[in-house]
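Notes follow the structure.
The values are calculated or read from the model by the stated rules, or taken from the named source; none is laboratory data. Predicted model, so just to flag it, every value in this text is computed and none were measured. Here Cβ is always computed from backbone atoms with ideal geometry, including for glycine, and neighbour counts include all displayed protein chains.
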């Protein structure tokens, strides 16, 4: 996409009016010649006036100062504009932290592939649909790590997502710590923040309990959505998630997992970018130059008549 400054014509079709004087002159000359040729007396040695003999008059008309002013007016009607560099305005900015469980249980089979492989496939599709979002990645097992800080470099995020393996963060499931790391990564967010946490187990590790972490998320105004794979979530955890304004989902197949992320895409609409190119209209300046030029030509014409 070209975002450089450039000169454009908003109404380029108006340039066709540049030929109007020439067409009018040729038409009037043709009609006048046709009228005269019916009654004219041909004298010996006197050349017959033809439309081709009027070509010099046509060139004089096109090259005259008045025709130059006409062209200036036509150019003004075409609305020339100097467009500056394109500016992007995020109309609805979204910042999401994707927290993914990489504990040992994620290597269990789900629809022919490991749970983690199915999750990576679905999350990849989700990321590719949100090109303007600030996205980050947190991985957790017994410990939680900020794997990719929030970024718009989604290719980097997808490359890191592909490297995830079960047990890479230790045995255990530290849901509370994962939420805490995600909240820390979303500090000073410029857009609307949210956390999408996926796990296949109950919290059994870490220093921060899920209710404490979710209470912190609620206080910070960060919606937190919980996706549980092959498991029904605890009622107390569901209530804590709802207190943040988030939702809880269960998925027992790859299809259900894809449907969950489609629903999350609706709950957290992607960033909308509006593009605007500031334009400076040049037409009024051309009209002003034309008025000054016509005034000068009129004064010159009146001066010649006065002295004659």
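Side notes on the structure shown:
- Test: residue in the stretch 250-257 that is at pLDDT 70 or above, under 27 Å from the mean Cα position of the chain (by Cα), assigned to a helix (DSSP H, G or I) and surrounded by 15 or more Cβ atoms within 10 Å (Cβ to Cβ): no
- With respect to the conditions (1) surrounded by fewer than 18 Cβ atoms within 10 Å (Cβ to Cβ); (2) modelled with pLDDT of 95 or more; (3) at negative phi; (4) not in a helix (DSSP H, G or I), residue 244 lacks only one, and its number is (1).
- Residue list for the stretch 62-91, restricted to those being outside any helix (DSSP H, G or I), at pLDDT 75 or above and over 22 Å from the mean Cα position of the chain (by Cα): 78, 79, 80
- Elements of type strands (runs of 3 or more DSSP E) contained in the stretch 92-206, each with 3 or more residues being free of Cβ contacts under 8 Å to residues at least 40 places away in the same chain and touching a strand residue (DSSP E or B) at 6+ places or on another chain (Cβ under 6 Å): 144-151
Rundown of residues vs (1) touching a strand residue (DSSP E or B) at 6+ places or on another chain (Cβ under 8 Å); (2) outside any helix (DSSP H, G or I); (3) at pLDDT below 70, yes/no style:
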| site | (1), (2), (3) |
| --- | --- |
| 8 | yes, yes, no |
| 16 | no, no, no |
| 21 | no, no, no |
| 42 | no, yes, yes |
